[in-house]
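Reviewing the structure listed below.
The values are calculated or read from the model by the stated rules, or taken from the named source; none is laboratory data. Here the structure is a predicted model, which is why all the values come from computation and not from measurement. Cβ coordinates were reconstructed from backbone atoms using ideal geometry, including for glycine residues, and neighbour counts include every protein chain displayed.
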Amino acid sequence: MLDAQNVSVGYDEKTPIIQQLSFQVHKGEIFGILGPNGSGKTTLLKAVSGLLSPSEGTITLHGKAIADYHSKELAQKMAVLPQTADTAFAYKVKEVVALGRYPHQKGWLASESQEDERVIREAMEQTDTWKFRNKPLQTLSGGERQRALLARALCQEPDLLLLDEPTNHLDISHQMQLLDALKDWTRTRQLTVVAILHDLNMASLYCDRVLLLNEGRMVDLNSPRQVMTEHQLANVYETKIRRNEHPTIPRPLVTFEPAAIRSKPSSPISELEVFTSEQLIKVTSSIRWKTLSSAVLGAGFKWHQTFVNRHVSKDYYCDDVEREFQTFLSNVGVDGTDALGMMTAAILEDVAITEATYESFKVRVFVTAGISNAVDAAKAHLRKRNEATVGTINTWVFIEGTLPDAAYVQALMTATEAKGRALAEKEILDPVTGTLATGTSTDSVMIASSQTGTYFPYAGTITPLGQAIGKLVYDATIQAVTDNEKRRLER
């Protein structure tokens, strides 16, 4: 649809800003243009719109050079929303939007048809500006004015829509509404969108392909997943960037790292404060720890500085466990929105705590164990559904160090394997199958790293960190299970 071949363009022939750039935009796609300030994004968009003529190369739309279109003919094919647009007269919003119908009207004094009215209203409703239709444009806020000018562009019913930072001035709700609408129009109307975007995550979520520019040259052109790598973005934007994955759709998300955002205790584990009562074990910290857990509260990857292991009765039952847990924490003076929380029927005074200090790091492990619901994971399919008694092994692992996400998963595996080995050593059996148990049906685990100090790329069983985790979890599990067995015999 849009084809740029070997394009060089600038504001004078001696110093081209865009240099030897070639790309194609396909019908019905959202094509994002990314790059730091001064990389040539706006200059390129002006060349595509016909405001600047390339000093070299060609730009064609539907196979016809942009320069060969008459202005009204081009306006039927292409609409442009620049970063800023001044209006010299106090037009009402609907009058400004209606100007977008001019390319489809015959003669200067042509009146609006029913079709014009339908298109105008639809564009204004899509951009949430119909309620402003009788207000002067200049009385609107920056975001409201941006939406009105977008409605004017949409009224042209173009094949190609050029947008220069379309979400500028818009709050998050209207950003999402706008980009959702554009995505829908590319599918239902085969609208093609070329947009300059500074928000890398919006580009990732909505663009089919992105063109990454730097100093007037193409760095990459492909899907967001392929273009938006940590190394490539860090080189172009000259800042520390982390790439993660969106939690619900297969798109990358980008985060930025400030140079310094928090104080760093010399020994975060030594500064942990532990409080134990019949109701709970509470561990608090002066810093937030990055955690990966299967907890009742705070599961998945999160950041926490309060950790609670709560005792519940053997007949505990609740339809909404999270809400009930939040209420409990509030009643004991803990902010439940910031706490990682687990539950157990085990007696909390039997908690086993192991700790070791190594040359460059320290690890502390907490384990509480109830084994009346011991299960052999390999034989669990032989049990009746929901056939369970009370019993939980909760494992907390605190690590002084910096871990990537992969090391968290490896640490979790190492801790789980060590727990299973401890149960085998204690000859804990699944009461239904009579085979060695690997855990209980409600076990929970947490890996917490201070994200300070030594960097650990791996935490598998034969790595220094993995060896520490394995020994400490094994020792703590042995102790906790032994104490639980003694208590059961005393009853």
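Which residue, of 468, 424, is among the small types (Gly, Ala, Ser), touching a Phe, Trp or Tyr at 6+ places or on another chain (Cβ under 8 Å), in the same structural domain as residue 304 (by TED's automatic domain parsing) and not in a loop (DSSP other than H, G, I, E, B)?
On the way: 424 fails: touching a Phe, Trp or Tyr at 6+ places or on another chain (Cβ under 8 Å).
Every option except 468 fails the conditions.
Go through region 176-195 and count every residue that is in contact (Cβ under 8 Å) with a residue 40 or more places away in the chain, surrounded by fewer than 22 Cβ atoms within 10 Å (Cβ to Cβ) and out of contact with any Phe, Trp or Tyr (no Cβ under 9 Å at 6 or more places or on another chain).
Of the residues in that region, 5 qualify.
Could you look through region 231-251, keep only residues that are closer than 17 Å to residue 451 by Cβ and either surrounded by fewer than 17 Cβ atoms within 10 Å (Cβ to Cβ) or acidic (Asp, Glu) (or both), and pick out the one that is farthest from the chain's Cα centre (by Cα)?
So, considering only residues that are closer than 17 Å to residue 451 by Cβ and either surrounded by fewer than 17 Cβ atoms within 10 Å (Cβ to Cβ) or acidic (Asp, Glu) (or both), the one farthest from the chain's Cα centre (by Cα) is 240.
How many residues does region 138-163 hold that are in contact with a Pro (Cβ under 8 Å, 6 or more places away or on another chain) and in a helix (DSSP H, G or I)?
Selection size over region 138-163: 2.
So which residues in region 433-448 are out of contact with any helix residue (DSSP H, G or I) (no Cβ under 7 Å at 6 or more places or on another chain) and either within 13 Å of residue 409 (Cα to Cα) or part of a loop (DSSP other than H, G, I, E, B) (or both), if there are any at all?
Once the filter is applied, which keeps residues that are out of contact with any helix residue (DSSP H, G or I) (no Cβ under 7 Å at 6 or more places or on another chain) and either within 13 Å of residue 409 (Cα to Cα) or part of a loop (DSSP other than H, G, I, E, B) (or both), region 433-448 yields 434, 441, 442, 443, 446, 448.
Please find, among 401, 341, the residue that is crowded, with 20+ Cβ neighbours inside 10 Å, within 22 Å of residue 460 (Cα to Cα) and in the same structural domain as residue 475 (by TED's automatic domain parsing).
That would be 401, the only listed residue that is crowded, with 20+ Cβ neighbours inside 10 Å, within 22 Å of residue 460 (Cα to Cα) and in the same structural domain as residue 475 (by TED's automatic domain parsing).
For residue 477, all conditions in the list (1) under 27 Å from residue 274 (Cβ atoms); (2) in a loop (DSSP other than H, G, I, E, B) hold save one; what is the number of the exception?
Result: residue 477 passes all but (2).
In region 300-319, how many residues are aliphatic (A, V, I, L, M) and at pLDDT below 95? Even if it seems obvious, please write down each step before you answer.
Let us first name the residues in region 300-319 that are aliphatic (A, V, I, L, M), namely 308, 312.
When the remaining residues are screened for being at pLDDT below 95, the result is 312.
Matching residues across region 300-319 total 1.
Quick one: residue 280 ticks every box in (1) at pLDDT 95 or above; (2) under 30 Å from residue 456 (Cα atoms) except a single one, so which number is it?
With (1) at pLDDT 95 or above; (2) under 30 Å from residue 456 (Cα atoms) applied to residue 280, the lone miss is (2).
How many of the residues in region 164-187 are under 16 Å from residue 79 (Cα atoms) and not in a helix (DSSP H, G or I)?
The qualifying residues number 3.
With 254, 312 as the choices, which residue is over 21 Å from the mean Cα position of the chain (by Cα) and crowded, with 17+ Cβ neighbours inside 10 Å?
312
Could you pull out the residue among 345, 295 that is in contact with a Ser or Thr (Cβ under 8 Å, 6 or more places away or on another chain), at pLDDT below 95 and within 30 Å of residue 391 (Cα to Cα)?
It is 345.
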